[in-house]
Amino acid sequence: MQKSSSASSLGPGGLDLTQTFFKPIQNTAPPSPTKRHTKISVIGVGNVGMAIAQTILTQDLADEIALVDAKADKLRGEMLDLQHAAAFLPRTKIHASVDYSVTVGSDLCIVTAGARQLPGESRLNLLQRNVDLFTSIIPPLAKYSPNTILLIVSNPVDILTYVAWKLSKFPSNRVIGSGTNLDSSRFRFLIADHLDVNAQDVQAFIVGEHGDSSVALWSSISVGGVPVLSFLEKEQISYEKETLENIHKAVANSAYEVISLKGYTSWAIGYSVANLARSILRDQRKIHAVSVFAKGLHGIDGGDVFLSLPAQLGRSGVLGVPNIHLTDEEAQQLRDSAKTLLEIQNQLGV
């Protein structure tokens, strides 16, 4: 498929009007060498990939976006649909191709591509097909953008982030999974809704696997700087642990509910990943719950594993993991989550 982008000529083979339409001024200097051109590539133009691309465009996070997918017609249609909105968006060049060379020089590569589960197919077999798919995605991205940051969104995100790290041979700080960033947002929303406050005033994290063994860090939740559980104990306000567990279950079931109602999730993950892109590319050094190389942290051992922890993100990827306090129970749950992921990885032989 031929890639397409904007051009200054009128029609195929038409006259290039750039030099005649604009008159140069005198005593000019070349562009500043410090000017930065930001390029993001999105691999996979399904519902999730396009929600991410659309959010990145509307938030003016990139000068250039490259879209890659195996379905040429769908890919070109999505590209044209976005290009036709140019008058309503910040100026961003949009390219699309089935050839990974279109991603050359990317600052950030976001991978959303993944195989769909077939009727009666086991989760392990589906995972193996996704691993096989990644062998055709990750090496070309690493080849054309050797200094890029890989942001993996495809599920199961923790294991596929590990696979991307192995295939790319990148340093671990430049391979990140979207992990529980969205789970943590849902968690903050439910707590804020329960207390009738703004979700931006709630600090709360879901960590571990993006899945059934995720861990809610209740001990570190704060609202407006006030530690919630410590406040309740100090004020001698009783609460049922079951209430806390039900909120966590609601977080874990949120995606399933959306999928059962509309068939897929898209907008929330679009905003979540765009939020990560902003923190990375603009070196904001914000803390997000994302899937990172976790071996050696909080007693996690037994092998190389990626899972979600609060992590500071910036222009070089993962800048560090805060030494957040965990209760003994939370730390054990986190180690159990890592063990679950390692057992699956061992079955795959990755």
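Here the spin labels are modelled as points 7 Å beyond Cα on the Cα-Cβ line, and at Val258 and Leu319 they lie 2.8 nm apart.
The average projected area of the chain, computed from the convex hull of its Cα atoms over all directions, is 21.6 nm². Here segment 266-319 is described by how far its Cα atoms reach on the three principal axes: 35, 25, 14 Å, from widest to narrowest. Couplings for segment 325-334, taken from phi via the Karplus curve 6.51 cos²θ - 1.76 cosθ + 1.60 with θ = phi - 60°, read 7, 10, 6, 4, 5, 5, 4, 5, 4, 5 Hz in order; Gly and Pro are left as x. Protein heavy-atom accessible surface, 1.4 Å probe, per residue over the chain: 53 Å².
In order along segment 174-190, the Karplus-derived 3J(HN,Hα) couplings, from 6.51 cos²θ - 1.76 cosθ + 1.60 at θ = phi - 60°, round to 9, 10, 10, x, 4, x, 9, 4, 6, 4, 5, 5, 4, 4, 4, 4, 5 Hz, and Gly and Pro are given as x. In the chain, the portion of solvent-accessible area held by carbon and sulfur atoms comes to 52 percent [1.4 Å probe, whole percent, DNA, RNA and ligands not counted].
Order Tyr100, Tyr162, Tyr256 by their accessible area, 1.4 angstrom probe, all chains in place, largest first. Please list the in-between numbers first.
Details: Tyr100 40, Tyr162 15, Tyr256 135 Å².
Ranked list, largest accessible area first: Tyr256, Tyr100, Tyr162.
Have a look at the DSSP beta bridges in the chain and tell me what percent are antiparallel, nearest 5. Taking every DSSP beta bridge within the chain, about 50 percent pair in antiparallel fashion. The alpha carbons of segment 286-350 occupy a box of 35, 29, 15 Å along the principal axes, longest dimension given first. Between amide H atoms placed 1.01 Å from N, distances below 5 Å from Ser145 occur with Gly105, all of them 5 or more places distant or on a separate chain. Paramagnetic label reach from Ser230 (point 7 Å along Cα→Cβ; backbone nitrogen cut-off under 18 Å): within segment 177-192, no residues.
Taking amide H as placed 1.01 Å from N in the peptide plane, Ala289 has its amide H under 5 Å from the amide H of Ala311, each at least 5 places away in sequence or on another chain. With contacts taken as Cα pairs under 8 Å and at least 6 residues apart, the chain reaches a relative contact order of 16 percent. Among the protein heavy atoms, those of Ile324 account for about 40 Å² of accessible surface (1.4 Å probe, every chain in place).
Helical content alone sets the calculated 222 nm signal of the chain at -13000 deg cm²/dmol, taking -39,500 (n - 2.57) per DSSP H segment of four or more residues and averaging over every residue.
Just the number: Rg to Rh for segment 32-138, Cα atoms, Kirkwood Rh, two decimals.
Numbers: Rg = 15.4 Å, Rh = 14.9 Å.
Rg divided by Rh gives 1.03.
Counting only protein heavy atoms and using a 1.4 Å probe, the accessible area of Phe231 comes to about 90 Å². Applying the Karplus relation 6.51 cos²θ - 1.76 cosθ + 1.60 with θ = phi - 60° to segment 84-94 yields 3J(HN,Hα) values of 5, 8, 4, 5, 10, 10, x, 5, 9, 6, 10 Hz, where x marks Gly and Pro.
Under a Gaussian network description of the chain, with springs only between Cα atoms under 10 Å, the residue in Ser316, Ser154, Ser168 that fluctuates furthest is Ser316.
The values are calculated or read from the model by the stated rules, or taken from the named source; none is laboratory data. Predicted model only: the values in this text are computed from it and were never measured. All Cβ positions, even for glycine, are placed from backbone atoms using ideal geometry, and neighbour counts span all protein chains on display. Protein only, heavy atoms only, side chains kept; ligands, DNA and RNA dropped before computing areas. Shrake-Rupley method; radii C 1.70, N 1.55, O 1.52, S 1.80 Å.
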